[in-house]
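Comments concern the structure below.
The values are calculated or read from the model by the stated rules, or taken from the named source; none is laboratory data. What you see is a predicted model, and the numbers here were worked out from it, not measured in a lab. Note that we place each Cβ from the backbone using ideal geometry, even for glycine, and neighbour counts take in every protein chain shown. Just the protein is used for accessible areas: all its heavy atoms, side chains included, with ligands, DNA and RNA removed. Shrake-Rupley method; radii C 1.70, N 1.55, O 1.52, S 1.80 Å.
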Amino acid sequence: MKQTSVIAPSILSADFARLGEETRAVLDAGADWVHFDVMDNHYVPNLTIGPLVCESLRKYGIAAPIDVHLMVKPVDRIIPDFAKAGASLISFHPEASEHIDRTLGLIADQGLQAGLVFNPATPLHWLDHTLHRLDLVLIMSVNPGFGGQSFIPSALDKIRAVRQRIDASGRAVRLEVDGGIKQDNIGAVSAAGADTFVAGSAIFGKPDYRATIAAMRAAL
Ligand code: DX5
Ligand code: ZN
């Protein structure tokens, strides 16, 4: 069963010089979660933000769930740091972890929710022995590394397949989609079975965050 819809702006597209303000502004404008993209210039060809920035957002007063999307390799070392920094949920890519079950255990030991992320060409068989431990499955609809890329349409079939698996499991697992989500495709992504929507450039690239988020919600 689909859960209530969540809109999670990716702060990758925010003005980093005004990150606290920008994060507060999208939440005040109706966003549900903060999507926090961590890139290491190794697993993906870009370098972004880490636990110190997450902790700063908490100190600034950001209380909404922080959805940490790790695009780093190795994964395990940084998990306790993000737990201390105030992360709510940590997602990682199976290709970036040597021991997926151990990584899932580490996240759970820190009292956080866990997500597994699938790149456009990553097969869903990684769910075979992990779904029972997951709080979220994240389907990438672009190759990870940059904001502002175009949605890859084959993600829709993948979303439908994951929706079936989640429903068959009977567990409350969120199905999140990340990459190229905009007002004009969010409806199709939702119809395919997603309930959690990341959007970076589509929100931060517009002057009126409230109107943009409202239009996205109306399209669901
Ligand atoms: C890409 C990141 C995304 C990115 C999405 O590697 O994981 O979260 O910020 O940005 P848009 O919505 O602009 O595609
Ligand atoms: Zn992301």
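Overview of results
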{"item": "Filter result (in a loop (DSSP other than H, G, I, E, B), open to solvent by less than 50 Å² (accessible area, probe 1.4 Å) and either β-branched (V, I, T) or within 6 Å of ligand 1 (Cβ to nearest atom) (or both)) within the stretch 137-151", "result": "V142, P144, G145, G147"}
{"item": "Filter result for the condition that a residue is within 14 Å of ligand 2 (Cβ to nearest atom), closer than 21 Å to W126 by Cβ and modelled with pLDDT of 95 or more, over H42, H93", "result": "H93"}
{"item": "Scope the stretch 167-178; condition within 15 Å of ligand 2 (Cβ to nearest atom) and open to solvent by less than 10 Å² (accessible area, probe 1.4 Å); matching residues", "result": "L175, E176, V177"}
{"item": "Selection within the stretch 180-193 - of a type outside the set (D, E, K, R) and open to solvent by 10 Å² or more (accessible area, probe 1.4 Å)", "result": "G180, Q183, N185, G187, A188, S190, A191"}
{"item": "Flag if G170 is within 13 Å of ligand 1 (Cβ to nearest atom) and either in contact with a Cys (Cβ under 8 Å, 6 or more places away or on another chain) or at pLDDT 95 or above (or both)", "result": "no"}
{"item": "Any hit, the stretch 194-204, residues being open to solvent by less than 10 Å² (accessible area, probe 1.4 Å) and more than 25 Å from V26 (Cα to Cα)", "result": "no"}
{"item": "Pick from the stretch 152-164, criterion of a type outside the set (A, V, I, L, M) and open to solvent by less than 70 Å² (accessible area, probe 1.4 Å), ranking: farthest from I49 (Cα to Cα)", "result": "R163"}
{"item": "Total residues in the stretch 1-22, condition farther than 17 Å from L89 by Cα, modelled with pLDDT of 95 or more and touching a helix residue (DSSP H, G or I) at 6+ places or on another chain (Cβ under 8 Å)", "result": "6"}
{"item": "Residue list for the stretch 172-220, restricted to those being among the basic types (K, R) and touching a helix residue (DSSP H, G or I) at 6+ places or on another chain (Cβ under 7 Å)", "result": "K182, K206"}
